[in-house]
1. Taking 7 Å along the Cα-to-C-beta vector as the label spot, tell me the ASP36-LYS2 distance in nanometres, rounded to one decimal.
2. Could you work out the mean projected area of the convex hull around the alpha carbons of the stretch 224-362, in square nanometres to one decimal?
3. Once amide H atoms are built 1.01 Å from N in the peptide plane, which residues 5 or more positions from SER218, or in another chain, come under 5 Å H to H?
4. State to the nearest 20 debye the size of the charge dipole of the chain about its Cα centre, where the only charges are +1 on K and R beta carbons and -1 on D and E beta carbons.
5. Using DSSP loop states and a limit of at most 11 other Cβ atoms within 10 Å to flag GluC sites (Glu not before Pro), what is the longest stretch of the chain containing no flagged site?
6. Per residue of the stretch 188-195, what does 6.51 cos²θ - 1.76 cosθ + 1.60 with θ = phi - 60° give for ³J(HN,Hα)? Whole Hz please, x for Gly and Pro, Karplus curve as stated.
7. Could you identify which residue out of HIS321, HIS282, HIS54 has the top mean-square fluctuation in a GNM of the chain using Cα springs shorter than 10 Å?
8. Of the residues PRO263, PRO212, PRO232, which exhibits the maximal mean-square fluctuation in a Gaussian network model of the chain defined by a 10 Å Cα contact cut-off?
Amino acid sequence: MKRIHRIAVIPGDGIGTEVIAEGIKCLKTLSEIFEDLQFQFEYFTWGSEYYLQHGKMMSGDGLKILKNFDAIYLGAVGDPRIPDDVTLHGLLLPIKMGFDLYVGLRPVYLFRGVESALANISEDEIDMVVIRENTEGEYSNIGGIIGIEEGELALQSGLFTRKGIERIVTFAFEYARDKGRKKVTSITKSNAQRYGMVLWDRIVKEVASRFPDIKTESKLIDAACMDVVRNPKGYDVIVASNLFADILSDLTASVTGGMGLAPGASFNPKDKTYPGFFDPVHGSAPDIAGKGLANPLAAILTAKLMLDYLGESEAADLLSHAIKQNLSERKVRTVDLGGRSRTDEVGDDVVRILRSLSLTVPFQI
């Protein structure tokens with residue numbers, strides 16, 4: 001019996017259309033390898049061009065349309081003609097908050113064949129996961145701007161609830177235990193932010209007491225930013241608020257090969273009533289869009305996270321090992337990793353490896 005997964009595809013802007021095409025290419029190859037696995041892709045043209053035509057980033061009934069899918073696969077959004085807050089609050093945040101996709105999962109790994117920007121760091125030595133609270137915190141749309149000229153005033157408030165903090169911290173500890181990881185680091189700024197972050201710290205201690213087998217530490221965001229550069233091997237699972245995890249996932253990606261290798265997933269682990277949302281961490285990179293320079297591996301790694309979410313562990317493992325082999329061979333890679341291959345050539349090489357690995361029974365991966 002075939003397992004059919006309905007995927008809403010939003011290629012988005014800039015390089016999003018290019019990298020998402022390579023992810024789809026790999027997923028289609030996997031559906032050929034695993035004959036009982038099938039994907040039904042439906043494409044949506046939402047994004048910046050849609051905004052310029054309609055005055056909104058997606059259809060007014062976008063959430064109603066998307067809720068009928070198993071997963072959402074997005075390339076990137078962003079356009080220099082539109083303020084970034086419009087693209088963020090017009091598409092990404094409404095999906096994450098509207099569907100209560102409170103877990104943001106961003107694995108960070110230094111692959112064999114990839115050199116770190118840091119000295120004295122070898123392949124496989126960096127292996128951490130940044131877990132981001134997705135639905136409240138500093139990105140809550142609370143505040144406003146009033147006044148004119150020199151009297152203009154902006155108020156921006158963060159929203160922190162016991163429920164929101166407790167469930168993301170609990171997920172971090174459960175994830176660490178399930179994956180055999182040893183430590184959870186909570187990132188905070190309670191010395192300066194006396195309410196939201198103080199509540200965060202207190203709830204972290206409460207949750208940690210239920211997981212005595214997991215080492216726990218707490219770091220201020222400024223110290224953590226210094227530390228992940230100075231000693232990235234000292235981190236395992238990181239849990240942080242919306243803003244802090246956003247910052248750290250970009251920073252940690254920069255020491256493990258760049259944004260072209262940074263996947264992202266957003267989902268609700270307790271309730272799959274609504275689809276998970278999967279998008280690489282990188283932006284739309286309009287300066288290189290259409291030139292075939294974009295690294296598609298972040299989008300392909302994101303497809304791997306989507307397969308995990310859909311329960312397709314065998315296909316996810318095969319795709320993961322194909323990516324690792326592509327990188328370890330050091331032959332077909334884009335310019336950001338020191339190569340000269342085009343975006344589609346990297347996708348083709350991952351497909352080649354997928355087919356090669358699939359010829360062995362069982363798969364030698």
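What follows draws every value from the coordinates through simple rules; no lab data is involved. Everything numeric here is computed off the predicted structure, so don't read it as measured data. All Cβ positions, glycine included, derive from the backbone under ideal geometry; neighbour counts span all protein chains shown.
1. Label-label distance for ASP36 and LYS2, simple model: 1.5 nm.
2. With the hull built on Cα positions only, its mean projection is 10.4 nm².
3. The answer is SER186.
4. 900 debye
5. Of all site-free stretches, the longest is 153-365.
6. 9, 7, 6, 6, 10, 9, 7, 10
7. Fluctuation is largest for HIS54.
8. Answer for the Gaussian network model of the chain: PRO212.
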